[in-house]
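The structure appears below as C-alpha cells.
The values are calculated or read from the model by the stated rules, or taken from the named source; none is laboratory data. Being a predicted model, the structure only gives us computed values, none of them experimental. Counting neighbours? That spans all protein chains shown, and the Cβs are built from the backbone with ideal geometry, glycine included.
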Amino acid sequence: MTRTTIAILACLLAFGGAAVAQTAAPALKASVTVTSDVVRIGDLVENAGPVAGVPVFRAPDLGTTGAVATDRIVDAIRPHQLIGIDTRGLAEVIVTRASRAIPTQEISERVAQALAGQYGFGEARHIMINFDHDVRTLQVEPDVTGDLQVLALSYDLRTARFDVTFDLPASVELRRQSAHYAGTAIETVDAVAVEHPVEHGQVLKASDLTVLRRAKSEDEAITDIDTVVGMAARHQLRPGQPLHSPDLMKPEIVQRNDTVTIVYAAPGLTLTLRGQAQESGALGDTIGVLNAESKRVVQAKISAPDRVTVSAITTHVVENASERSE
C-alpha cells in the first residue's frame with residue numbers, strides 16, 4: 001500500500017468520523033438553565049443543528065423554575081423539521097431562568113446607607129430599618145452588576161418615616177418591578193443581653209451573652225460585653241431584655257454560714273482565726289463575721305474566697321454572740 005493510498009484512507013476515516021458526529025441523534029435534556037426571556041430549541045434539545053437558535057417558548061420569570069411537558073416540546077419543534085428526537089423517556093423538561101437576586105437584607109442595607117450621615121444619623125450599621133410591608137427579593141438579569149441607586153429619598157424626623165425609590169441603570173427588568181419602599185428608620189445602639197435564662201447569683205460568661213440592637217432613645221443599657229463577663233446576676237435574667245447596671249453585681253465569693261479565715265492586721269502583727277460568715281458578700285464587701293473563739297461578731301472586709309480581713313484601726317465589735325441570741 002502506497003503512502004498516497006494510506007493518506008486517502010486516513011482522510012476518509014476522518015471525514016467519516018466527522019459525519020457520524022454531525023448526524024448524532026437529537027435528544028431532550030432533563031433540565032436546562034436559560035438567560036434570556038425565551039427558550040430556544042437548542043436549550044431543550046442536544047444536537048439540534050441549524051434550528052438550535054429558534055425560540056419556541058417564553059422563559060419563566062427571572063429566578064423561577066418551570067416544567068414543560070415532553071409532548072408540548074415535540075409539537076413545538078415539529079414544524080421546524082427536527083425529527084427523530086430521543087425523548088429519553090422524560091415526561092417533562094425542567095427550565096430555570098437565571099438571575100441575580102437582590103434579597104431583602106441587601107435592600108434594607110441600601111436604605112440605611114442612603115440615610116447614613118444625614119438627618120442626624122450616624123453610621124449605616126446603627127440604623128434599623130422597618131418596612132411597612134413584606135419586601136420580596138428583586139430578580140434582575142444575571143449579568144447586571146453594581147448597587148441599587150437612589151432615585152428619590154425623603155425622611156421625616158418627627159415620625160421617623162422614610163420613602164425611597166431605587167434604580168439599577170443596567171437592568172431593564174428592574175423597571176418592570178416596584179423598587180419603591182416606605183417604612184421607619186431609627187438609630188440604634190448595641191445592648192448586651194443574656195442568651196438564655198440566668199438565675200440569681202449566677203456568674204456570667206461570654207458564652208452566656210449576646211448583643212441586641214435597641215433604639216438609641218431607649219433607656220441606656222450596657223453596651224460592652226467585656227464589662228459584664230465575670231459579673232453575677234442580681235436577680236433572674238431573661239433573654240431579649242437589655243442589661244442595665246442594677247441587674248448585675250459582683251459575684252459573691254463568701255456565702256452566709258461559710259467557715260472563713262479571719263485575718264487581724266496591725267502594724268508588725270498578723271493574727272488568723274476561724275470565723276463564721278453571718279451574711280453573703282462579694283470581693284471588697286464588708287460583712288459581719290462571728291469570731292469562733294470570742295463568740296463576738298466583727299465587721300470584716302472580704303479579701304479572698306473564704307477569707308476576711310479586720311484592720312486594727314477599724315476593728316469594731318458589733319455585739320456579743322450570746323447577747324445577739326437574746
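Residues that are among the polar types (S, T, N, Q) and closer than 24 Å to residue 230 by Cα within the range 262-287 comprise 280, 286, listed in sequence order.
Let's see how each residue does on (1) in contact with a Ser or Thr (Cβ under 6 Å, 6 or more places away or on another chain); (2) under 29 Å from residue 130 (Cβ atoms); (3) at pLDDT 95 or above:
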residue	(1), (2), (3)
170	no, no, no
175	no, yes, no
184	no, yes, yes
201	no, no, no
206	no, no, no
212	no, yes, no
218	no, yes, no
233	no, no, no
242	no, yes, no
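The strands (runs of 3 or more DSSP E) found wholly in the range 25-107 and carrying at least 2 residues that are in contact (Cβ under 8 Å) with a residue 40 or more places away in the chain occupy 31-34, 92-97, 100-102.
Of all residues in the range 116-163, exactly one satisfies the criterion of being in contact (Cβ under 8 Å) with a residue 60 or more places away in the chain and aromatic (Phe, Trp, Tyr), namely 121. Would you check which residues across the range 236-258 are surrounded by fewer than 15 Cβ atoms within 10 Å (Cβ to Cβ) and not in a loop (DSSP other than H, G, I, E, B) and list them? Of everything in the range 236-258, those that are surrounded by fewer than 15 Cβ atoms within 10 Å (Cβ to Cβ) and not in a loop (DSSP other than H, G, I, E, B) turn out to be 245, 246.
Among the residues in the range 284-299, are any of a type outside the set (Asp, Glu), farther than 30 Å from residue 125 by Cβ, touching a His at 6+ places or on another chain (Cβ under 6 Å) and not assigned by TED's automatic domain parsing to the domain that holds residue 122? The answer is yes; a qualifying residue exists. Among the residues making up the range 58-89, those that are touching an Asp or Glu at 6+ places or on another chain (Cβ under 6 Å) and surrounded by fewer than 14 Cβ atoms within 10 Å (Cβ to Cβ) are 67, 69. A single entry from 149, 105 fulfils the requirement of being within 25 Å of the chain's Cα centre (by Cα), loosely packed, with under 12 Cβ neighbours inside 10 Å and not assigned by TED's automatic domain parsing to the domain that holds residue 35: 105. A Cβ distance below 6 Å, combined with a sequence gap of six or more or placement on separate chains, defines the contacts here; from the range 216-227, residues that are closer than 16 Å to residue 194 by Cα and in contact (Cβ under 8 Å) with a residue 60 or more places away in the chain reach no residue that is among the acidic types (Asp, Glu) and exposed (fewer than 12 other Cβ atoms within 10 Å of the Cβ).
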